[in-house]
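*Asks:* Sharing a structure here in structure tokens format.
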Amino acid sequence: MGLLTRGLSVRRLGLVGYDEASALQDELHTRRVAGEIDDQLLLLEHPHVYTIGRRGDHGDVLWDAEHLRSSGVQVVETDRGGQVTYHGPGQLVGYPIVDLGPAADLGRYVRRLEDVMVGALRRFGIEATGDANNTGAWVGDRKIGQIGVRVTRNVTKHGFALNVSPDLSYFAGIVPCGITDKGVTSMALELGRVPAIGEVTVIVADQFQRVFGYAS
């Protein structure tokens, strides 16, 4: 195995199809396990897609096939943890491909991803928190950031999604993360304006490096 490193390469990719991003994650995961590359952070947006995690069920996709087609929504089964969630334009998705080391602590890793989103939101003046019973970032009882991860051979895949200014009506097509008694929100809704996703991307990348202890 090659020498493991502790640098971070941040890739800002713009709008990328879900299948293309998954293939890139797989490639980078293999190379990170082999010690060929530094840790990676992919920051991007997806076209409209519902993803079904390992604990998910197609029954949590509420729209029928015709409605999905007319709304331009792809439905994909994925190997991340969690249930069903939505990704789409205006939502910043982060895929860290990072080596957690031999004592990998999945729970601590998830909490740190929450800290990344909560810290970034605070820098925009939005007070968000984690939730002891439900992963992600929350503004009151409204979810603003989702998390779903997978760790194999101590290296992570998948990650987090922060609602910057997506069309929240697409969440009506699913039971998001299996939660029926809470709502969703976005930075645009909380701020009363649409923040530039490029600005949010820069802040999230910086916050990720701070939380995970990379050199700036």
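What follows is calculated from the coordinates using simple rules that are stated; it is not laboratory data. All values derive from a computational prediction rather than experimental measurement. Cβ: placed from backbone, ideal geometry, glycine included. Neighbour counts: every protein chain shown.
*Asks:* Mind sorting 63, 138 by how few other Cβ atoms lie within 10 Å of their own Cβ, fewest first?
*Replies:* Details: 63 17, 138 21.
Lowest count first: 63, 138.
*Asks:* Based on other C-beta atoms within 10 Å, arrange 201, 30 from fewest to most.
*Replies:* The most exposed by this proxy come first: 30, 201.
*Asks:* May I pose another question? For residue 41, enumerate residues with amide H under 5 Å from its amide H, sequence gap 5+ or separate chain, H modeled in the peptide plane.
*Replies:* The answer is 9, 10, 11, 97.
*Asks:* By count of other Cβ within 10 Å, fewest leading, how are 112, 153 ordered? Don't skip to the end; give the middle numbers.
*Replies:* On the way: 112 15, 153 12.
In increasing order of surrounding Cβ atoms, one gets 153, 112.
*Asks:* Please list 3J(HN,Hα) in residue order for the stretch 188-196, calculated via the Karplus relation 6.51 cos²θ - 1.76 cosθ + 1.60 where θ = phi - 60°; whole Hz, with x for glycine and proline.
*Replies:* Using θ = phi - 60°, the values come out as 4, 5, 6, 8, x, 7, 9, x, 5 Hz.
*Asks:* To continue, here is another question. So who's got an amide H within less than 5 Å of the one on residue 143, skipping anything under 5 residues away but keeping other chains? H placed 1.01 Å off N, in plane.
*Replies:* Residues meeting the criterion, in which the H sits 1.01 Å from N, are 183, 184, 185.
*Asks:* Kirkwood hydrodynamic radius, the chain, all distinct C-alpha pairs: what's the number in Å?
*Replies:* Working: mean 1/r = 0.0575 Å⁻¹.
Radius from the Kirkwood sum: 17.4 Å.
*Asks:* Can you run phi through the Karplus equation (6.51, -1.76, 1.60; θ = phi - 60°) for the stretch 95-105 and list ³J(HN,Hα) in whole Hz, with x for Gly and Pro?
*Replies:* Each residue's phi maps through the Karplus curve to give 10, x, 10, 10, 8, 7, x, x, 9, 4, 10 Hz.
*Asks:* Once amide H atoms are built 1.01 Å from N in the peptide plane, which residues 5 or more positions from residue 174, or in another chain, come under 5 Å H to H?
*Replies:* 62
*Asks:* Which one of 124, 171, 160 has the biggest mean-square fluctuation once the chain is modelled by GNM with Cα springs under 10 Å?
*Replies:* Largest GNM mean-square fluctuation: 124.
*Asks:* Regarding the stretch 1-116, what is the average projected area of its C-alpha convex hull, in nm²? Kindly include the intermediate steps, with their values, before the conclusion.
*Replies:* Values: hull surface 32.3 nm².
Here the figure is 8.1 nm², rounded to one decimal.
*Asks:* While we're looking at this one, here's another question. In percent, what relative contact order does the chain have, based on Cα pairs under 8 Å that are 6 or more apart in sequence?
*Replies:* On the way: 438 pairs, mean separation 48.5, N = 216.
Relative CO of the chain lands at 22 percent.
*Asks:* Okay, moving on. How big is Rg to Rh over the stretch 102-209, alpha-carbon atoms, Rh as the Kirkwood inverse-mean-distance radius?
*Replies:* 0.97
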